[in-house]
Every structure is written in structure tokens, then in C-alpha cells.
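Enquirer: Please read through the structure below; I'll follow up with questions.
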Amino acid sequence: MSLEPQDREKLPFLFLLPNLVTLAGMCLGLTAIRFAMVGKFEMAVTLLLISAAIDGLDGLIARRLKATSEFGAELDSLSDFLCFGVAPGVLVYRFAMGEGNALGWIFVLIYAASACLRLARFNVTRSEDGAGKTHFTGVPAPAGAILALLPMFLAFEGWLAGPVLPVFSAVWLGVVGMLMISRLHTFSPKSLKLRGIGVVGMLLGTVMVMGLIVTKLWLFLIVVDLLYVAVLLPEIWRVRGRILR
């Protein structure tokens, strides 16, 4: 949507609201990097998770307010690259691999580049009919970020430590990067339709999830990551050697 010069000072506040939400998420992602640099890793991960939680709000708000624009779409992609491409790699690198692990940094670059390619592909296909409504192609950037943080979740729970941590973290970043740029058909929330018992189950499930988030956050996130991978396995088996084609 473009505005004539005489209308630029009359831009409604509600038209800006989706972009404000996007910028808020970007600030959280950037602040997560700041906390990682001073060693406050749990706070850094928490901020990144909040950023992922509000990622879908900007698009939802824009559609409800009929305030969608090409500017907002591009801003959202740039914010996603920072929050879900750069920040997770930096957090995992600082936490698990220290500052001098050159090989580990290569895997961070692979992950970040994969996130960039994933978002670029999404940008050029988002105008296609049905894009994102039945499935995504490849793991979406926010889901990829939560997967990438799995080594940190495991370490916070005390399940992963010692010399295994940096090796696993580096390899895992590379695997998640490949999943993001893959041709796998992955779950899209827009395809989810509920009725009857499904609605009740979703409501009760939300209560359980909130309880787990408050009491066992890292364990809950480990389970979420493992369940997501389990859902991907049949699709990975289906495409087998054609995962990137």
C-alpha cells in the first residue's frame, strides 16, 4: 500500500501497529544476544522464546486490521532473520562452544545462511495461492530457532555437558539448517481445524502447557523439540535422498 505525499502525515496508528509488534520482537532478539554476551544464557533464551511467541502476532494483527503491506512483510522477514537466524546461532555458540571454536563457528554460519535462504524462499512464494495454508516447505524459521536451542535446553536440565556438548551443538545446528532449506512438507497452524472434543482438548491442553511452562520450562521445550522431530521423521523417510530437491 502506497500513500500520496499529502496523506503521509495522516497515517492511522492502527496501520502501524503490526510493524510495532515486529520491531518489539526484533528488539527482544537483539537483547537476547546482549544477555548471551554477558553470560546470562537463561534470560537470553527466554527473550528469544518470547520473540518467537509474538512472531505470528504481527501478521495476524495486520490481517485483522486490514493493514497488510509489502513494507511490513519485508520488515517481518528481516526481523525473523535476526531473531531466528542470527540470535540462536550466537547463543548456542557462546554457551556451548566458547569463543575460539573455529569449526563450531562454521556450523553457526551454515545455520544462519540456511535461515536466510529459508526466509528468502518464503518471500518469493508467499503470494502463491495456498502458500502456508496447508503446509510449509521446510522447517519455518521460528520452529528452526527453537530446534536449534535444543542443546541449551538439554544443558539447562543437566542432561548434556562436558566435551559432548560442543560437538553435538555444532552438528545439530547444521542438521537444523538443512531441515530449514529442505523440501519437506511441515505443519502449518493455518491448516488446523478443530471441532467438538478437539476444541475441549485444545483448551485443556493450553492449561497443561501453561502449567509446564511455569514449573518445568526447559523439560517442556525438550519434549516439544523431540515431538516436532518425531512428526518430521515420516516426511523425511518419504523423501529420503530428495530432502533438498
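Enquirer: Please enumerate the residues belonging to the stretch 91-108 that are open to solvent by 20 Å² or more (accessible area, probe 1.4 Å) and either hydroxyl-bearing (Ser, Thr, Tyr) or more than 12 Å from MET152 (Cβ to Cβ) (or both). Working first, answer last.
Expert: From the stretch 91-108, those open to solvent by 20 Å² or more (accessible area, probe 1.4 Å) are 93-95, 98-103, 105-107; that's our starting set.
Hits for the stretch 91-108 are TYR93, GLY98, GLU99, GLY100, ASN101, ALA102, LEU103, TRP105, ILE106, PHE107.
Enquirer: Taking LEU78 and the conditions (1) under 14 Å from the mean Cα position of the chain (by Cα); (2) of a type in the set (A, V, I, L, M, F, W, C); (3) crowded, with 19+ Cβ neighbours inside 10 Å, which numbered condition does it fall short on, given that it satisfies the others?
Expert: Failed condition: (3).
Enquirer: Next up: Helices (runs of 4 or more DSSP H) wholly in the stretch 9-108 with at least 2 residues that are farther than 24 Å from VAL171 by Cα and of a type in the set (A, V, I, L, M, F, W, C) - which ones?
Expert: Numbers: elements: 13-37, 41-64, 70-80, 87-92.
Qualifying helices (runs of 4 or more DSSP H): 13-37, 41-64, 70-80.
Enquirer: Sticking with this structure for a sec: Filter the stretch 182-198 down to residues that are surrounded by 12 or more Cβ atoms within 10 Å (Cβ to Cβ) and under 17 Å from the mean Cα position of the chain (by Cα) and give me whichever is modelled with the lowest pLDDT.
Expert: LYS190
Enquirer: Something else: Need pairs with beta-carbon distance below 6 Å; first residue buried (at least 18 other Cβ atoms within 10 Å of the Cβ) and within the stretch 109-126, second assigned to a loop (DSSP other than H, G, I, E, B) and among the small types (Gly, Ala, Ser); sequence gap 6+ or separate chains.
Expert: Hits for this filter: ARG118/GLY138.
Enquirer: Let me ask another. Tally time: how many residues in the stretch 179-210 are more than 12 Å from ALA148 (Cβ to Cβ) and in a helix (DSSP H, G or I)? Step through it out loud before you land on a result.
Expert: Let us first name the residues in the stretch 179-210 that are more than 12 Å from ALA148 (Cβ to Cβ), namely 181-210.
Narrowing the set further to residues that are in a helix (DSSP H, G or I) leaves 189-191, 197-210.
So the count comes out to 17.
The values are calculated or read from the model by the stated rules, or taken from the named source; none is laboratory data. These figures come from a predicted structure and were not determined experimentally. No Cβ is skipped: glycine too gets one built from the backbone with ideal geometry, and neighbour counts run over all protein chains shown. For the accessible areas, the whole protein counts, side chains as well, though only heavy atoms, and no ligand, DNA or RNA atoms are used. Shrake-Rupley method; radii C 1.70, N 1.55, O 1.52, S 1.80 Å.
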